[in-house]
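Take a look at the structure set out below.
Please treat every number below as a calculation from the coordinates, not as lab data. Keep in mind that this is a model prediction, so the values were computed, not measured. Note that each Cβ is placed from the backbone with ideal geometry, even for glycine, and that neighbours are counted across all protein chains shown.
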Amino acid sequence: MIYPEKCIGCSSCELACSFQHTGEFRPTKSRISAIRWPKMGVSVPLTCLQCEDPSCMKVCMVGAITKDKETGLVSINQEKCIGCRLCTAACPFGNINYDPEEAIVFKCDLCDGEPQCVEFCPNNAIEYREATDALLQRKKKVSAKFAEILEEVR
Amino acid sequence: MIKIRVNGKPVAIHDEDKTLLDVIKEIGINIPALCYHPGLPARGSCRLCVVEITKPSWNGRSKIVTSCLYPCEDGLEVLTHSPKVIKLRKVIIKLLLARCSDSKELQELALQYNADVSRFGTKENEKCILCGLCTRACEEMGIEAISMVNRGWKKEVAPPYYEPPENCIGCGACAEVCPVGAIELTETNGIRRIWNREFEIQKCVECGKYFATVAQLEHLHNKYGIPLKDLKTCPECSKKRVGTVLKKTFFD
């Protein structure tokens, strides 16, 4: 769950994420990004939504991307990946990227259940916890408004 | 459950679909397998993953099989580095190296297996070991732009009639899976060149970054019905677009 109103655009999530996955503090290799509007003092943290019906998974012809039935996690099996990169173009949210240095595609893997972005966010703008009724209510409300605005923008 | 022994060590296998090579890799034994890719069907073409197998009921006889294709059978005893296997693997490395003498991957293997090339004449300027990973990758992608052509010493990987392949989408998966780096893919000024064909790379309509070939995006559009206009932004800008909508959702 994200709370953009709490995000201060500090990059802590990006740094924690890239360090966790690559051992380097490099936001370009982060699986999460904060989109910023500095003049307005607004920023929004964004990462993989672990879609119900993931586009990245649908276009992967070798079954390298799978969704765990129990946890809902959408993960990449790097060994199986043949590097066609269709998934990076297919994700409508831009949450799966290609790393030319390592020649791999990468996305959020929820750090095996302990997301470092959540751990290091100083303002609790990102949360990772069991869905409660109240949380689901909020999610539905936000999604409805999101869909409405998206229609307008397109 | 299937029980086998690998180099004397007992191994229990729960997934009956696994091949010997899967098991050998899983328990941490390293054997060369250039034509093997976990995401693609095995074909046993490089022959490097050969192992010696036997069963107590075979009266001391053993046979040599390619482990990437051989299923796990109950009671199998597998030797991954027996003298017979090493000898055979060495010959295979020598033959491959004679064909592709410049390949770093093969040179490393030769060093590891102490295989010199003196017995066979070498071929000039050959990089491909004919393992077929590229053609399998292209097949799995559902594109089939390249295949093996000709037979015997004339055998090679090529697009139909050696012409720039019409149905290729320039995704580069063939080059990515090639174990010896034999497939050339270059990118300059928004043009990707592979298999003698030039592919225009899409410029992100927002930031101008080149990110995927136009043919790849058309393929996504034709096969999955994703609107083309939604495919013309790079991942970063797609993310920004979502961010913008979220910003409006929360702050306007």
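Across chain A, the mean sequence separation of Cα contacts (distance under 8 Å, 6 or more residues apart), normalised by length, yields a relative contact order of 24 percent. With a simple spin-label model that places each label point 7 Å from the Cα along the Cα-to-Cβ direction, the separation between A:Arg138 and A:Glu102 comes to 3.1 nm. Here, segment B:1-150 yields an orientationally averaged convex hull projection of 10.6 nm² when only Cα atoms define the hull. For the pair B:Asn150 and B:Asp116, label points projected 7 Å from Cα toward Cβ lie 3.2 nm apart.
Taking a straight line from the alpha carbon of B:Lys232, these aspartates and glutamates sit under 14 Å away, with near neighbours fewer than eight places off in the same chain left out: B:Glu200, B:Glu206, B:Glu218. Shown here are the Rg and Dmax of the Cα trace of segment A:50-154, at 15.7, 43 Å.
Within segment A:34-78, the trypsin sites (Lys or Arg not before Pro) that combine a DSSP coil assignment with at most 10 other C-beta atoms in a 10 angstrom radius are A:Lys39, A:Lys69. Label positions at A:Trp37 and B:Lys248, each projected 7 Å from the Cα along the C-beta direction, are separated by 1.0 nm. Taking N as the residue count of segment A:50-106, its C-alpha radius of gyration divided by 2.2 N^0.38 Å amounts to 1.04. The phi-based Karplus calculation (6.51 cos²θ - 1.76 cosθ + 1.60; θ = phi - 60°) puts the 3J(HN,Hα) values of segment A:91-106 at 5, x, 9, x, 9, 10, 10, 10, 9, x, 5, 8, 6, 9, 9, 9 Hz, whole numbers, x for Gly and Pro.
Restricting the calculation to Cα atoms, every distinct pair contributes to the Kirkwood radius of the protein assembly as shown, found to be 24.2 Å. Loop-resident chymotrypsin sites (Phe, Trp or Tyr not before Pro) (DSSP state other than H, G, I, E or B) in segment B:31-120 with no more than 15 further Cβ atoms inside 10 Å of their Cβ: B:Phe120.
In percent, rounded to a whole number, the relative contact order of chain B is 12, using alpha-carbon pairs under 8 Å and six or more apart.
If you average the alpha carbon positions of segment B:144-183 and of segment B:1-74, how far apart do those two centres end up, in angstrom? Each part reduced to its Cα centre gives a spacing of 29 Å.
Between A:Gly9 and any residue 5 or more places off or on another chain, the built amide H atoms are never under 5 Å apart. Each residue of segment B:158-172 was assigned a 3J(HN,Hα) from its phi angle through the Karplus curve 6.51 cos²θ - 1.76 cosθ + 1.60 (θ = phi - 60°); the sequence is 7, x, x, 6, 6, 9, x, x, 5, 8, 4, 9, x, 6, x Hz, with glycine and proline shown as x. For chain A, a simple Cβ point-charge model (Lys and Arg +1, Asp and Glu -1, everything else neutral) yields a dipole of about 480 debye relative to the Cα centre.
When the Cα positions of A:Cys91, A:Gln78, A:Ile104 are compared along the charge dipole of segment A:50-106, A:Cys91 comes out farthest toward the positive end, with charges on each C-beta of Lys, Arg, Asp and Glu.
The GluC sites (Glu not before Pro) found in segment A:107-154 that occupy coil by DSSP, while having at most 14 further C-beta atoms within 10 Å, are A:Glu127, A:Glu130. Multiplying the residue separation of B:His14 and B:Asp74 by 0.36 nm and subtracting their alpha-carbon distance yields 20.5 nm. Expressed in units of 2.2 N^0.38 Å, where N is the residue count, the Cα radius of gyration of segment A:1-106 is 1.14.
Derived value for segment B:93-252: Kirkwood hydrodynamic radius 18.5 Å. Basis is the mean of 1/r over every pair of different alpha-carbon atoms. Checked against a 18 Å cut-off, the cross-linked pairs A:Lys6/A:Lys39; B:Lys25/B:Lys84; A:Lys6/A:Lys67; A:Lys39/B:Lys240; A:Lys139/B:Lys247; A:Lys145/B:Lys247 give Cα-Cα distances beyond that limit for B:Lys25/B:Lys84; A:Lys6/A:Lys67.
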